[in-house]
Every structure is written in C-alpha cells, then in structure tokens.
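Readers should treat all values here as calculations from the given coordinates under stated rules, not as data from a laboratory. These figures come from a predicted structure and were not determined experimentally. Cβ placement follows ideal geometry from the backbone for every residue including glycine, while neighbour counts extend to all protein chains displayed.
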Amino acid sequence: MALFQCRFFSETLGLSTSMTVILPEPATKQIGMSASAVSGPYPTLYLLHGMSDDDSIWLRRTSIERYVSGLGLAVVMPQVDLSFYTDMAQGNRYWTFVSEELPHLCRSFFPLSDKREDTFVAGLSMGGYGAFKLALRKPEVFCAAASLSGALNITNSYQSSLEFTPLFRYIFGETGPENTENDLLKLLKQVGQDGKPVPKLYQCCGTEDFLYEDNQVFREACTTAGLPLTYEEGPGTHEWGYWDAKIQDVLKWLPLSSNNK
C-alpha cells in the first residue's frame, strides 16, 4: 500500500487543510501484506473521524492500511475539525467541503473511480453521523455507508447534552438540527421519494456505549422507512478496540468485487 499525507488548499473553507490517503500498490514482496492486482481508477472508501480526532486517527489507532491490502480499495481520510460534517451556523462550510469539493479534489489528485458503485463512506461517532448524512443526502454519489457507534440521533444530542450545548449551538444554530437537512431521522423519510437510488447502510454499536439508545432510535426509524440496513450489536463501549474490530467487518460488507470472488 502507498500512504500519502496530503496538505492542500480548500477553496470552500478558504484555508489549507489535510487528508490522509491510502492507495493500492501492486507490490508482491512486502512481508505480511497482500498485493492488489487491481489497477486504477480505484474504488474509494471515505473514512471519517470522530469529534476529538483528525485525519490521521484511523491510521494511528487501527491497522486500516493492513486491512485494506489486497482489496484494491483506496481510503481517503479527510480533516473536518469539530464540525459534525456541517455548514456551521458560526463556523466553516464543512458539509459543502466534504460533499462537493473533496471528491472532486481527490479524483484530480489520485486515480479514483467516479462511479457510484465504487464510492463508499464510513465513520465512527461524529464520523458515523457524517457517513450516513452523506449517503442519505447524496445517494447518487455513495452506494453504501457504514456507521460505527454513530451520533445518529443528533436532535437528542443537541437537546440533552448540556456539556456540549455551546458547541452544538455554534454548529447548528439556536434552533438546532431538528427537521433540517442535518437531521438523519428526517432524511430517512425522504430516501427514494425523489427517484434517486437508495444506499445500502451498515450500522453497529456496542451495547454499553453511551450512544446505544440513540442508535436504537435510528435503527427503528430505518426499519419503519423500509431501508436496507445491516445492523450488528454486541458488547462494547466507545473505544478503539471496538472500532478496530468492526472496521474489518465493514470492509467485508462493502460491495467490492474483491469481496465477491
């Protein structure tokens, strides 16, 4: 695998930012690593970080580079600060950046596929929220999305998390995210109604996670909406041992040609 620490200027954000990118490499002599016979343009997984992290965190806390070796899959890990992947009420336009500018920039920098069936997104915690928001608002771009311990009931977080009240108001404004395009529960009700394709969704959460009940709310709403959801739960809290294990399940779940051999 080839690893890129990419620093670049974002026109949307009006500042320099960064992303970490893993690309397949057809090398056969790396001890303990599988080589990929797939050549570009590569299918791509946009892998999103949580609220206290940055674009390097998946590489530092998991073995993601080793897990994707042999899959022929590129992994793009962007930096979005503490934005909840949102055009912030009193901050920067991170939704526009990650949903519009980032894919175009990545495809201009690297040999990535622009086909929907080759484009996936996943994330943990805040990144799980971002992954499902991208899939539900941009189903013509992302064919599959995975949330690991995601903050999926953002209205409840906004209303009940006193510790983060100033932060959430900074991001979502005084009226909050309920019944807006930042509300995943509202977005679920709209999926498929405009003739756009329906994304595949994967959701997991540990039963001891503080976000477990919010994940149950999303699961029930997804079932009510009749959307294709793969759901898994089991013992686990909000920590990297759980996410390191579950990202391997996500990679096996993705509709990659290498998974179907």
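Sorted ascending by nearby beta carbons within 10 Å, beginning with the fewest, ASP114, ASP54 become ASP114, ASP54.
Estimated from the Cβ-Cβ distance and a Förster radius of 41 angstrom, the FRET efficiency linking GLU101 and GLU208 is about 0.60. Distance between the pseudo-spin-label points of ARG66 and ASP114 (7 Å out from Cα toward the beta carbon): 3.7 nm.
I need the shape label for segment 67-172. Rule: rounded when a/c is under 1.5, else prolate if a/b > b/c, else oblate, with a, b, c from the alpha carbon gyration tensor. The shape class here is prolate.
Please give the FRET efficiency for TRP240 paired with LEU3, using the beta carbon to beta carbon distance and R0 = 22 Å, rounded to the nearest 0.05. My answer for the efficiency is 0.70.
Among TYR129, TYR242, the order by Cβ neighbours within 10 angstrom, fewest to most, reads TYR242, TYR129.
Per residue, the chain reaches -8500 deg cm²/dmol at 222 nm when only DSSP H runs of four or more residues are counted, each adding -39500 (n - 2.57). Ordered by the count of other Cβ atoms within 10 Å of each Cβ, fewest first, TYR42, TYR231 give TYR231, TYR42. Note on GLU233 and SER257: with the Förster distance fixed at 25 Å, the Cβ-Cβ geometry gives a FRET efficiency of about 0.30.
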